[in-house]
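A quick write-up on the structure given underneath.
The values are calculated or read from the model by the stated rules, or taken from the named source; none is laboratory data. Treat the numbers as computed from the prediction; the structure is a model and nothing was measured. Cβ coordinates were reconstructed from backbone atoms using ideal geometry, including for glycine residues, and neighbour counts include every protein chain displayed.
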Amino acid sequence: MNKYILFLVILYCSTLSVAFGQDRGDSLKYDWNPGIEGTGPVRGLEVSLRSNTNYNVNSNSDLYGKGKGEIDNDRVFETKLRFPLFLNQKLKIAGSFDYSDEEIHFDDISDNNYPLYKSLNDKNLKSIGGSIYLMTQLKRNVFFMFRFNVKLKGDYWKEHIGDVSKYTFLKMEMSPVIGWKVNSKKSWGIGMAYSYTFGDPLLFPIFVYNHSFADKWGVEAFLPARIKLRYQPSKLCFINAKVRLQGGSYSIHFDDPKLNDFKTLELRRADLNFSLEIEKGITDWLWASFESGYRTNINFDVTNSNHAFSLSGSKLTSENNIIDSNAEGGLFYNLSVFLVPSKTILKKIGLIE
């Protein structure tokens, strides 16, 4: 029974590797495939725990005045599953499902009556949803990629807001890209993204660039959201220097009569993270990673949830913000365990030569 389960897991991960176009170390079967040689492991089933160190928050509001608080615990638990849906020579479709739970705890909250901090304290901010990834060949070395992501984000399990429409918590993101496969070690592309990367829902141009160079080095960029410089000292180890802009929005409820006109508001936040990550294979199919770095905040505001799409963002037009906040930076740590494809075991059981 255990061998059968292991077989299914490894077979799933290997199919997943083909779906996401990152078959490491081999020549690519189709030269349009955006995946390149030398990239890090494909994360199939992943579980991670992130912790942000203590940081202060300063707030200002026309409704509540000024406030100041200290967050002494901010942890995020996340699990993600990626899976193939359809594969052929010119079209690949894959999907993912992910769930996360963030809990923020303020120090001495009983002595602090600022509504934002009391509403956020020990509240589970949940996110559940999934993504669809489509990759197709346009010409011999020209490809089209499209990612569509939809999630329910917020405190939507609260009984006292059960009459709120589920669409209140619905957040959607999408990013079409046209790219060129230069060779087996380089690809690049341009496109547009509609996302919450900056905290607010924005439409902005994106540039994608993947390049393996100097034998063990490589760079992977999805600008302006993230860039990674990687080094592979051994077959089962990658060291990554990363810069990532990470943002999102939670629909939340405030227990305050002053806000009776709003059943929910949105906490929109974004951080710029600088980090160093080590990915290490425990076996060739089971890996772990440890990441540590510094987080600096660029958005931590509460806004009317009716304030939706913008080309400039609420930082430039903040009249819709109910509470403007500034969260101080600080260290963060992230530990992940994940499954990756294993050709070694597939060879042993006779599926590949």
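I'd like the full set of residues that are in a strand (DSSP E or B) and surrounded by fewer than 16 Cβ atoms within 10 Å (Cβ to Cβ), limited to segment 205-219.
Restricting attention to segment 205-219, the residues satisfying the condition of being in a strand (DSSP E or B) are 205-213, 217-219.
Scanning segment 205-219 gives Pro205, Phe207, Phe213, Trp217, Val219.
Within segment 235-258, is even one residue small (Gly, Ala, Ser), modelled with pLDDT of 95 or more and within 30 Å of Asn124 (Cα to Cα)?
no
For Ala241, the test of being of a type in the set (A, V, I, L, M, F, W, C), surrounded by 15 or more Cβ atoms within 10 Å (Cβ to Cβ), over 30 Å from Ile323 (Cα atoms) and out of contact with any Leu (no Cβ under 8 Å at 6 or more places or on another chain) is failed. Would you call Ser96 of a type in the set (Gly, Ala, Ser), out of contact with any helix residue (DSSP H, G or I) (no Cβ under 8 Å at 6 or more places or on another chain) and within 30 Å of Pro34 (Cα to Cα)? Yes.
Just to be sure before I move on: is Gly293 closer than 21 Å to Ser51 by Cβ and either modelled with pLDDT of 85 or more or of a type in the set (D, E, K, R) (or both) in the structure I sent? Here the answer is yes, as Gly293 does meet what is asked.
The C-beta contact set for segment 70-88 (first residue among the hydroxyl-bearing types (Ser, Thr, Tyr), second residue buried (at least 17 other Cβ atoms within 10 Å of the Cβ), distance under 8 angstrom, 6+ apart or interchain) comprises Thr79/Leu45; Thr79/Glu46; Thr79/Ser48; Thr79/Asp98; Thr79/Ser100. Every condition in (1) over 30 Å from Gly35 (Cα atoms); (2) in contact with a Phe, Trp or Tyr (Cβ under 8 Å, 6 or more places away or on another chain) holds for Tyr55 except the one numbered (2). Within segment 188-203, being farther than 19 Å from Phe144 by Cβ and either aromatic (Phe, Trp, Tyr) or assigned to a strand (DSSP E or B) (or both) holds for Tyr196, Phe198, Leu202.
Here Leu223 meets each of (1) surrounded by 15 or more Cβ atoms within 10 Å (Cβ to Cβ); (2) farther than 24 Å from Asp284 by Cβ with one exception, condition (1). Answer yes or no as to whether Phe143 is surrounded by fewer than 19 Cβ atoms within 10 Å (Cβ to Cβ), outside any loop (DSSP other than H, G, I, E, B), modelled with pLDDT of 90 or more and aromatic (Phe, Trp, Tyr). Judged against the criteria, Phe143 is not a match.
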